[in-house]
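Notes follow the structure.
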Amino acid sequence: MARRARRGHQCYLEGQDELHLRQLTLVRDLQEAVTQDQLTLVYQPQLDARTGRLSGVEALMRWHHPSLGFIPPDEFIALAEHSGHIHRLTRWMLNKVCAQLHVWDRQGCSLVAAVNLSAKDVTDIDLPARLRACLAEYGMGPERLRLEVTESAIMQDPEHASRQLEELRRAGLRIAVDDFGTGYSSLAQLKRLPVQELKIDKSFILKLEESADDEIIVRSTIELGHNLGLAIVAEGVETTAARALLERLGCDTLQGYLISRPLAAEHIVDWATHHQA
Ligand code: C2E
Ligand code: CA
Ligand code: CA
Ligand code: CA
């Protein structure tokens, strides 16, 4: 009699169980992901908006799970953070990026790489030493890395995060606030943060040419950022109209599918030579 209702309920539970099982499997397998070479990095070109030249790349992690296939980073990074695996992943990523920069150097292509840090990384007291060691191993200066940290990561523990970011900044690393506009940091907090760049979240950029509101938000963010001495990066640039508008508004750096999808490391030099006018 109450069958239908029960079935509905069961479905819900089954859905929950499935999700839970997937998460447990992923957390279990994260350990091996690093040691068994299941992780890779792809690199998305970033352009200098004024010259149209390649100014850097953002390193983005990919996980090809042996049975579950491609796992989106938004999914496994969150799981890695909650399960304590994130430090291992970040260590692997930083090493890989520095090694790759070194390879590109030898191919005559000297680039700056933006790397993503999670909330746990930002407050990890070993991070500055690890970054120094990584750069030193490949004989590279701190200006070769840009650290991208989200507003929400900083705001989880603002005091600790600010102190740590200050130390990194003094060591010569560039720091960008990622996904800017999606968090709740006040202007006062922003002014106190030791950052050099704001990366406007792609949710404001994707429909920029259709939305008067987004245009106002982007225009004021660029103005505000510039007045505070910060460089502005736009991500999610998908159309020529959005690109033209961002150029007109004085945005400093452009990143998005219009310019390029994230690429395998071996395609970056080729891409750069074909896109340098
Ligand atoms: P994010 O740092 O905001 O990275 C930008 C995301 O936007 C990337 O997704 C990128 O592929 C995507 N994207 C770039 N251009 C466009 C565009 O024109 N249109 C649209 N719709 N999307 C665009 P991805 O690679 O799936 O990464 C998702 C998130 O996973 C990243 O967001 C970042 O938060 C996290 N992530 C990726 N790699 C790492 C990593 O090595 N460490 C940490 N902690 N997080 C990472
Ligand atoms: Ca990022
Ligand atoms: Ca972002
Ligand atoms: Ca994001």
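The values are calculated or read from the model by the stated rules, or taken from the named source; none is laboratory data. All values derive from a computational prediction rather than experimental measurement. Here Cβ is always computed from backbone atoms with ideal geometry, including for glycine, and neighbour counts include all displayed protein chains.
In table form, for the structure just shown:
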| quantity | calculated |
| --- | --- |
| Residues satisfying the stated conditions in segment 113-123, i.e. under 21 Å from GLY183 (Cβ atoms) and either within 16 Å of ligand 4 (Cβ to nearest atom) or at pLDDT 95 or above (or both) | ALA114, VAL115, ASN116, LEU117, SER118, ALA119, LYS120, ASP121, VAL122 |
| The lone exception for PRO72 - which of (1) under 22 Å from GLU238 (Cβ atoms); (2) away from ligand 4 (no atom under 16 Å from the Cβ); (3) without any contact (Cβ under 8 Å) to a residue 60 or more places away in the chain it fails | (2) |
| So GLU209, is it within 14 Å of ligand 1 (Cβ to nearest atom), more than 17 Å from the chain's Cα centre (by Cα), surrounded by 14 or more Cβ atoms within 10 Å (Cβ to Cβ) and not aromatic (Phe, Trp, Tyr) | yes |
| Matching residues, segment 179-201, being away from ligand 4 (no atom under 16 Å from the Cβ) and modelled with pLDDT of 90 or more | PRO194, VAL195, GLN196 |
| Number of the condition not met by GLU247 [criteria: (1) without any contact (Cβ under 8 Å) to a residue 60 or more places away in the chain; (2) more than 18 Å from the chain's Cα centre (by Cα)] | (1) |
| Test: residue in segment 256-265 that is basic (Lys, Arg) and assigned to a strand (DSSP E or B) | no |
| Answer residue from segment 179-204, given it is more than 10 Å from ligand 3 (Cβ to nearest atom) and under 17 Å from GLY250 (Cα atoms) and is surrounded by the fewest Cβ atoms within 10 Å (Cβ to Cβ) among those | GLN196 |
| Selection count, segment 51-61, where residues are in a strand (DSSP E or B) and either within 15 Å of ligand 3 (Cβ to nearest atom) or surrounded by fewer than 17 Cβ atoms within 10 Å (Cβ to Cβ) (or both) | 6 |
| Residue ID - farthest from ligand 4 (Cβ to nearest atom), chosen from residues in segment 216-241 that are touching a helix residue (DSSP H, G or I) at 6+ places or on another chain (Cβ under 7 Å) and either acidic (Asp, Glu) or under 19 Å from ARG53 (Cβ atoms) (or both) | ILE232 |
| Search result, residues across segment 97-127 that are of a type outside the set (A, V, I, L, M) and under 19 Å from GLN156 (Cα atoms) | ASN116, SER118, LYS120, ASP121, THR123, ASP124, ASP126 |
| Meets criteria (under 26 Å from VAL218 (Cβ atoms), in contact with a helix residue (DSSP H, G or I) (Cβ under 7 Å, 6 or more places away or on another chain), of a type outside the set (D, E, K, R) and not in a helix (DSSP H, G or I)) for ILE175 | yes |
| Candidate set from segment 152-178 (those that are surrounded by fewer than 21 Cβ atoms within 10 Å (Cβ to Cβ) and within 16 Å of ligand 3 (Cβ to nearest atom)); member that is modelled with the highest pLDDT | ARG174 |
| Candidates ASP105, ASP29, ASP48 - the one that is surrounded by 13 or more Cβ atoms within 10 Å (Cβ to Cβ), more than 16 Å from ligand 3 (Cβ to nearest atom), under 30 Å from ALA244 (Cβ atoms) and modelled with pLDDT of 95 or more | ASP48 |
